[in-house]
Amino acid sequence: MLDNLNQDVSILQPSLQMTDSQVQNRIRQMKMEDPEEQTCYQKFCNLFTIEYYREYFDVTTELVISKVVNSFNPFSGTFFDIGGGIPELYGPFWILNTLIFTVALSVNISKYMQLQPGEHFEYQFQIVPFLAIFMYLKTLIVPMIYRVALKCVSQDRLTLLHCFTIYGYSAVVMIPVSLLNSIPNPAIQWMLLVYVLFAQTSFLTSNFNQELKYMPKEKKYMIVGLVAVVQITIMILYKFYFFSSINYQQLGLVKRKSHNHILSHILGAN
Amino acid sequence: MDYTNQRPPQNYSQMDDQKTQDLEESVSETIMRDLKMIAYKLKYVLIPKEQEDNGKELRNWDLWGPLIFCLVLAMTLSFKAESTTTSTKSDVFAIIFVLIWVGAFIVTLNAQLLGGKVSFFQSVCLLGYCVFPINIEAIIIAFFGSYLPFLVKLIPVFLCFAWSAYSSVGFMASLVPPHKKKLAVYPVFLFYLFLSWFSLIV
């Protein structure tokens, strides 16, 4: 069993080294494979202890901040070099929650800014559960798609958790952009959408490119292309559901109460 | 029984000869004792100068205080909320209630996952007690909000949010190793920010 461990370590690149807690976890896993040590039931129950997940929260403040700063940089493929390329779940989870809060805030702000004089502001909370479900599903499913694609080209260095980590951090760009998205000018909204699409996709592709450097070209481009296509689809869904429909709802309200030339101006611009 | 400001009220589990007395006392006495315990803990948590023994009082956690503050906040906000086309008063109540408990659960879980060794309910109790300033701010805005311009409303909101965050940050930061302090504190900050924003908007 220890021979296998040595073999695993030797094919890992320096950028994907394991921390102490990961090594301990691996040794514990191998001990658990010994049938005298733990029954199948006990192994399953480990999933419900906190200690099992502590390994993925083994981060420091500086590490998280440097990863966040790196994710704003779309061209350097150095994300997996920071902190030894260890996958973690703290960053993706809290970035996701911050993003949900920010988008809910900016949807309400955009509604507030589109108020006609004499209209009363109606806050919208109905959107928050839907937004939360959309974001969580997106963050769960898309890295699985990446992992399946990587498995197809038999690339095993990037595990599922690495995909979760990098996808979670790629969402950081959306936080300031969502705040700016509350400005009700359609031209600005489209420009911000294009910027976010570009930044996220190029961040993901340049990092995957860095890891896939040694593979033949067709496989590499296939992965990279898949990443780009999935991103574009999600971005378009996001824009057309959350920010367009708010415009239409507001227009709907405006139509019932009073006819304005602003209505035709916005419709014309869209 | 003698309640001074310095000594905390006695808990039920302490003395056996108290138990027969508990059954014989009037209901108002029982309730007053619980209320005094909550008030004592509240002063302890929110006014840092009262903490002479570095947080040891928090080991006697209770969930009555958090429940009361959560209910008062939810009722204030749902009372003030007008029924709109997309949400009703009961929606607002449900959202606040779920948000406080699930939020406290997630923040505590996060602190434990980062390596903090604290009892789960102790942390939930503290986070619940620190919701009290948000309560004050919600009541101020509920009664006076329609007379004040938006910018003036922001002042009590911001002050109460800062007070909540400051009281709970000291405790949360002491739970985790030093290089992870900001990581444990950020979710607390986000939690109270969301609650304050909610009470401002509604």
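The values are calculated or read from the model by the stated rules, or taken from the named source; none is laboratory data. On a predicted model such as this, the values are computed, not experimentally measured, just so you know. Counting neighbours? That spans all protein chains shown, and the Cβs are built from the backbone with ideal geometry, glycine included. Calculation scope for accessible area: heavy atoms of the full protein, side chains included, ligands and nucleic acids excluded. Shrake-Rupley method; radii C 1.70, N 1.55, O 1.52, S 1.80 Å.
So if I check each of B:Ser168, B:Ser164, which one is more than 13 Å from chain A (Cβ to nearest Cβ), within 25 Å of A:Val59 (Cβ to Cβ) and within 12 Å of the chain's Cα centre (by Cα)? Break it down into steps so the answer makes sense when it comes.
Details: B:Ser164 fails: within 25 Å of A:Val59 (Cβ to Cβ).
When all the criteria are applied, what remains is B:Ser168.
If A:Thr61 satisfies all but one of (1) within 11 Å of chain B (Cβ to nearest Cβ); (2) open to solvent by 70 Å² or more (accessible area, probe 1.4 Å); (3) among the hydroxyl-bearing types (Ser, Thr, Tyr), what's the number of the condition it fails?
The number of the failed condition is (2).
What is the residue count in segment A:139-185 for residues that are among the polar types (S, T, N, Q), buried (at least 23 other Cβ atoms within 10 Å of the Cβ) and in contact with a Pro (Cβ under 9 Å, 6 or more places away or on another chain)? Outline the logic, then answer.
First, the residues of segment A:139-185 that are among the polar types (S, T, N, Q): A:139, A:154-155, A:159, A:165, A:170, A:178, A:181-182, A:185.
Filter again for buried (at least 23 other Cβ atoms within 10 Å of the Cβ), leaving A:165, A:170, A:178, A:181.
Those left that are additionally in contact with a Pro (Cβ under 9 Å, 6 or more places away or on another chain): A:165.
Summing the residues that are among the polar types (S, T, N, Q), buried (at least 23 other Cβ atoms within 10 Å of the Cβ) and in contact with a Pro (Cβ under 9 Å, 6 or more places away or on another chain) in segment A:139-185 gives 1.
Under 16 Å from the mean Cα position of the chain (by Cα), surrounded by fewer than 19 Cβ atoms within 10 Å (Cβ to Cβ), closer than 20 Å to A:Ser170 by Cα and within 12 Å of chain B (Cβ to nearest Cβ) - does that describe any residue in segment A:71-88?
Among the residues of segment A:71-88, not one is under 16 Å from the mean Cα position of the chain (by Cα), surrounded by fewer than 19 Cβ atoms within 10 Å (Cβ to Cβ), closer than 20 Å to A:Ser170 by Cα and within 12 Å of chain B (Cβ to nearest Cβ), which makes the answer no.
The conditions are (1) more than 13 Å from every other protein chain (Cβ to nearest Cβ); (2) farther than 30 Å from B:Phe198 by Cα, and A:Leu131 fails exactly one of them. Which is it?
(2)
Can you tell me which residue among A:Tyr56, A:Tyr112 is under 30 Å from B:Val202 (Cα atoms) and open to solvent by 10 Å² or more (accessible area, probe 1.4 Å)? Spell out how you get there, then give the answer.
Details: A:Tyr56 fails: under 30 Å from B:Val202 (Cα atoms).
So the residue among A:Tyr56, A:Tyr112 that is under 30 Å from B:Val202 (Cα atoms) and open to solvent by 10 Å² or more (accessible area, probe 1.4 Å) is A:Tyr112.
Out of the residues in segment B:109-126 meeting the condition of being within 11 Å of another protein chain (Cβ to nearest Cβ) and under 16 Å from B:Tyr186 (Cβ atoms), tell me which one is surrounded by the most Cβ atoms within 10 Å (Cβ to Cβ). Working first, answer last.
Applying the first criterion (within 11 Å of another protein chain (Cβ to nearest Cβ)) to segment B:109-126 yields B:109-117, B:120.
Filter once more, keeping what is under 16 Å from B:Tyr186 (Cβ atoms): B:109-116.
Working: B:Leu109: 15, B:Asn110: 21, B:Ala111: 25, B:Gln112: 22, B:Leu113: 21, B:Leu114: 21, B:Gly115: 15, B:Gly116: 18.
Result: B:Ala111.
Inside segment A:124-181, can you point out the residues that are within 24 Å of A:Ile82 (Cβ to Cβ), at pLDDT below 85 and β-branched (Val, Ile, Thr)?
Within segment A:124-181, A:Thr159 is the sole residue that qualifies.
Quick check on my filter: what residues within segment A:33-53 are at pLDDT below 60 and either surrounded by 10 or more Cβ atoms within 10 Å (Cβ to Cβ) or of a type in the set (S, T, N, Q) (or both)? I'd like the intermediate steps shown before the answer.
Narrowing segment A:33-53 to residues at pLDDT below 60: A:33-36.
A:Glu33 - this is the single residue of segment A:33-53 that is at pLDDT below 60 and either surrounded by 10 or more Cβ atoms within 10 Å (Cβ to Cβ) or of a type in the set (S, T, N, Q) (or both).
Condition first: under 15 Å from the mean Cα position of the chain (by Cα) and in contact (Cβ under 8 Å) with a residue 12 or more places away in the chain. Can you find one or more residues in segment B:172-183 that meet it? Outline the logic, then answer.
If we filter segment B:172-183 for residues that are under 15 Å from the mean Cα position of the chain (by Cα), which is where we start, we get B:172.
Narrowing further to those that are in contact (Cβ under 8 Å) with a residue 12 or more places away in the chain: B:172.
Within segment B:172-183, one or more residues are under 15 Å from the mean Cα position of the chain (by Cα) and in contact (Cβ under 8 Å) with a residue 12 or more places away in the chain.
Can you tell me how many residues within segment B:127-160 are part of a helix (DSSP H, G or I) and open to solvent by 20 Å² or more (accessible area, probe 1.4 Å)? Before the answer, list the steps.
Within segment B:127-160, the subset part of a helix (DSSP H, G or I) is B:127-129, B:132-147, B:150-160.
Imposing the further condition that a residue be open to solvent by 20 Å² or more (accessible area, probe 1.4 Å) reduces the set to B:132, B:136, B:139-140, B:142-144, B:146-147, B:150-156, B:158-159.
The total comes to 18.
Across segment B:171-202, what is the number of residues that are more than 10 Å from every other protein chain (Cβ to nearest Cβ) and either touching a strand residue (DSSP E or B) at 6+ places or on another chain (Cβ under 9 Å) or modelled with pLDDT of 90 or more (or both)?
Of the residues in segment B:171-202, 5 are more than 10 Å from every other protein chain (Cβ to nearest Cβ) and either touching a strand residue (DSSP E or B) at 6+ places or on another chain (Cβ under 9 Å) or modelled with pLDDT of 90 or more (or both).
Of (1) within 11 Å of chain A (Cβ to nearest Cβ); (2) under 17 Å from the mean Cα position of the chain (by Cα), B:Phe150 satisfies all except one. Which?
B:Phe150 satisfies all of (1) within 11 Å of chain A (Cβ to nearest Cβ); (2) under 17 Å from the mean Cα position of the chain (by Cα) except (2).
Which of the residues spanning segment B:123-146 are under 12 Å from the mean Cα position of the chain (by Cα) and not small (Gly, Ala, Ser)? Even if it seems obvious, please write down each step before you answer.
Kept after step one, since they are under 12 Å from the mean Cα position of the chain (by Cα), are these residues of segment B:123-146: B:123-136.
Passing the criteria: B:Val124, B:Cys125, B:Leu126, B:Leu127, B:Tyr129, B:Cys130, B:Val131, B:Phe132, B:Pro133, B:Ile134, B:Asn135, B:Ile136.
Of everything in segment B:166-185, what is crowded, with 20+ Cβ neighbours inside 10 Å and under 27 Å from A:Asn108 (Cβ atoms)? Give them in sequence order.
Passing the criteria: B:Ser168, B:Val185.
Of the numbered conditions (1) more than 10 Å from every other protein chain (Cβ to nearest Cβ); (2) open to solvent by 20 Å² or more (accessible area, probe 1.4 Å); (3) hydroxyl-bearing (Ser, Thr, Tyr); (4) over 20 Å from B:Pro177 (Cβ atoms), A:Thr102 satisfies every one except a single condition; which is it?
(2)
Is it the case, given these coordinates, that A:Pro117 is at pLDDT 85 or above and either surrounded by fewer than 20 Cβ atoms within 10 Å (Cβ to Cβ) or within 14 Å of chain B (Cβ to nearest Cβ) (or both)? Working first, answer last.
Numbers: at pLDDT 85 or above: no; either surrounded by fewer than 20 Cβ atoms within 10 Å (Cβ to Cβ) or within 14 Å of chain B (Cβ to nearest Cβ) (or both): yes.
The answer is no for A:Pro117.
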